[in-house]
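Each remark here refers to the structure printed beneath this line.
The values are calculated or read from the model by the stated rules, or taken from the named source; none is laboratory data. No experiment lies behind these values; they were computed from the predicted model shown. A quick note on method: Cβ atoms are made from the backbone with ideal geometry, for glycine too, and the neighbour counts reach across all protein chains shown. Keep in mind that these areas ignore ligands, DNA and RNA; they rest on the heavy atoms of the full protein, side chains included. Shrake-Rupley method; radii C 1.70, N 1.55, O 1.52, S 1.80 Å.
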Amino acid sequence: MERWAEETLHRGFRVRLKADRVLFDSETEHQRLIIFENADFGRVMMLDGIVQVTTKDEFVYHEMMAHVPLFAHGRAKKALIVGGGDGGVLREALRHPELKEVTLCEIDRGVIDLCRQHFPEVSAGAYDDPRTRIVIADGTKFVAETADRFDVIMVDSTDPIGPGAVLFTREFYTDCARSLRPDGLLVTQNGLPFLQAGELRQSVTYFRGLFADASAYLANTPSYFGGPMSFGWATDNPKLRHHRRKKIERRYDKAGAFPTRYWRPDVHVAAFALPNYVRELVED
């Protein structure tokens, strides 16, 4: 008997993925989690009815969340990932040799344990890297209380539903701003602007009250159905958003010009060229 897993994120339409083989289907401490095999997307993980990661296209999201801010900053020594329990953003961040420490703050230990078991190629040993510091905690509480200061904060959150909702509030962004070093940079997962326009608009509105420069950049991730994915962008240094390709290329070469599958210097620059319907959301 065929089994299909249905994504229920959007009110106006739903997407069904064929679950050729179900590997895990149960409740963790915080959310409902299912892992299954699909012929087109590979191994898939869904949390509370929403696709989080697939082995076929995870590289798009993870490369763009990590490399855009880290190469834009250029001198980051300490970074924080809020969420990101699958380890993909951590894996890509650790490819930057200048980073001395990357803290991964994940609320659900069960996500890390299951991803170690079922998605080892996504983390690719990143959990056990000596520069990795894993903290199991509510990201809002950690950022509110930490005395650490970071050069880059990457919020690899779920959508603003359930446990992830608090990661889209003014209070959380205020604590992130406090936790950044001078010229620090915050990037956030901000959904699909075609279908979730209010999410991006609200976050950037909060950013404008806290930072000198607030905007977004885009990437096309096939398993996030409904158009390009947006990443929120906030910093007190407006120059970080306007580097020329040659400068990003020099930084990439200095980092070892490691192989990538989506990010590259010209894609980095082009990601900030927003279509008008997205510009209206972040500039109004």
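Check the range 179-199 and report whether any residue there is over 28 Å from Leu274 (Cα atoms) and at pLDDT 95 or above.
Filtering the range 179-199 for residues over 28 Å from Leu274 (Cα atoms) gives 179.
Now narrow it down to the ones that are at pLDDT 95 or above: 179.
Scanning the range 179-199 turns up at least one residue that is over 28 Å from Leu274 (Cα atoms) and at pLDDT 95 or above.
Restricting the search to the range 74-98, which residues are over 20 Å from Ser179 (Cα atoms), in contact with an Asp or Glu (Cβ under 9 Å, 6 or more places away or on another chain) and open to solvent by less than 10 Å² (accessible area, probe 1.4 Å)? Gly85, Gly88, Glu92 - these are the residues of the range 74-98 that are over 20 Å from Ser179 (Cα atoms), in contact with an Asp or Glu (Cβ under 9 Å, 6 or more places away or on another chain) and open to solvent by less than 10 Å² (accessible area, probe 1.4 Å).
Annotation: of all residues in the range 11-23 being in a loop (DSSP other than H, G, I, E, B) and open to solvent by 40 Å² or more (accessible area, probe 1.4 Å), the one that is farthest from Gln189 (Cα to Cα) is Asp20. Residues in the range 24-51 that are part of a strand (DSSP E or B), modelled with pLDDT under 95 and either basic (Lys, Arg) or open to solvent by 40 Å² or more (accessible area, probe 1.4 Å) (or both): Phe24, Asp25, Ser26, Glu27, Arg32. Looking at the range 182-190, can you tell me whether even one residue there is in contact with a Pro (Cβ under 7 Å, 6 or more places away or on another chain), free of Cβ contacts under 8 Å to residues at least 40 places away in the same chain, under 24 Å from Asp266 (Cβ atoms) and open to solvent by less than 40 Å² (accessible area, probe 1.4 Å)? Scanning the range 182-190 turns up no residue that is in contact with a Pro (Cβ under 7 Å, 6 or more places away or on another chain), free of Cβ contacts under 8 Å to residues at least 40 places away in the same chain, under 24 Å from Asp266 (Cβ atoms) and open to solvent by less than 40 Å² (accessible area, probe 1.4 Å).
In the range 227-246, the residues that are on the phi < 0 side of the Ramachandran plot reach residues that are of a type in the set (Gly, Ala, Ser) and in a loop (DSSP other than H, G, I, E, B) with C-beta atoms within less than 7 angstrom, at least six apart or across chains, in these pairs: Ser230/Gly191; Asp236/Ala212; Pro238/Ala212.
From the list Phe59, Phe71, pick out the single residue that is open to solvent by 10 Å² or more (accessible area, probe 1.4 Å), within 30 Å of Lys247 (Cβ to Cβ) and within 18 Å of the chain's Cα centre (by Cα). Just one listed residue meets the conditions, Phe59.
Please tell me if Asp113 is within 24 Å of Ala257 (Cα to Cα) and acidic (Asp, Glu). Can you show your working first?
Details: within 24 Å of Ala257 (Cα to Cα): no; acidic (Asp, Glu): yes.
Taking the combined requirement at face value, the residue does not satisfy it.
Considering only residues that are open to solvent by less than 40 Å² (accessible area, probe 1.4 Å) and not polar (S, T, N, Q), which ones fall in the range 107-128? The answer is Asp108, Gly110, Val111, Ile112, Leu114, Cys115, His118, Phe119, Val122, Ala126, Tyr127. Considering only the range 224-233, I want to know if a residue exists there that is in contact with a Leu (Cβ under 9 Å, 6 or more places away or on another chain), surrounded by 21 or more Cβ atoms within 10 Å (Cβ to Cβ) and part of a loop (DSSP other than H, G, I, E, B). Yes; the residues of the range 224-233 include at least one that is in contact with a Leu (Cβ under 9 Å, 6 or more places away or on another chain), surrounded by 21 or more Cβ atoms within 10 Å (Cβ to Cβ) and part of a loop (DSSP other than H, G, I, E, B).
A search for C-beta distances below 8 Å between a residue of the range 133-147 that is of a type in the set (Lys, Arg) and any residue that is open to solvent by less than 30 Å² (accessible area, probe 1.4 Å), counting only pairs 6+ apart in sequence or on different chains, returns Arg133/Val102; Arg133/Thr103; Arg133/Leu104. Residues that are open to solvent by 40 Å² or more (accessible area, probe 1.4 Å) and part of a strand (DSSP E or B) within the range 1-10 comprise Trp4, Glu6, listed in sequence order.
Test Phe207 against the stated conditions and say whether it is open to solvent by less than 80 Å² (accessible area, probe 1.4 Å), assigned to a helix (DSSP H, G or I), farther than 26 Å from Glu58 by Cβ and not polar (S, T, N, Q). Full working, then the answer.
Working: open to solvent by less than 80 Å² (accessible area, probe 1.4 Å): yes; assigned to a helix (DSSP H, G or I): yes; farther than 26 Å from Glu58 by Cβ: yes; not polar (S, T, N, Q): yes.
Considered against the rule, which asks whether it is open to solvent by less than 80 Å² (accessible area, probe 1.4 Å), assigned to a helix (DSSP H, G or I), farther than 26 Å from Glu58 by Cβ and not polar (S, T, N, Q), Phe207 comes out as yes.
Looking across the range 86-110 at every residue that is of a type in the set (D, E, K, R) and free of Cβ contacts under 8 Å to residues at least 60 places away in the same chain, the one that is nearest to Thr260 (Cα to Cα) is identified as Glu92.
Check every one of the helices (runs of 4 or more DSSP H) wholly within the range 239-284 and list those with 3 or more residues that are surrounded by fewer than 16 Cβ atoms within 10 Å (Cβ to Cβ). Write out each step before concluding.
Numbers: elements: 245-254, 265-270, 276-283.
Because the criterion is at least 3 residues that are surrounded by fewer than 16 Cβ atoms within 10 Å (Cβ to Cβ), the helices (runs of 4 or more DSSP H) in the range 239-284 that meet it are 245-254, 276-283.
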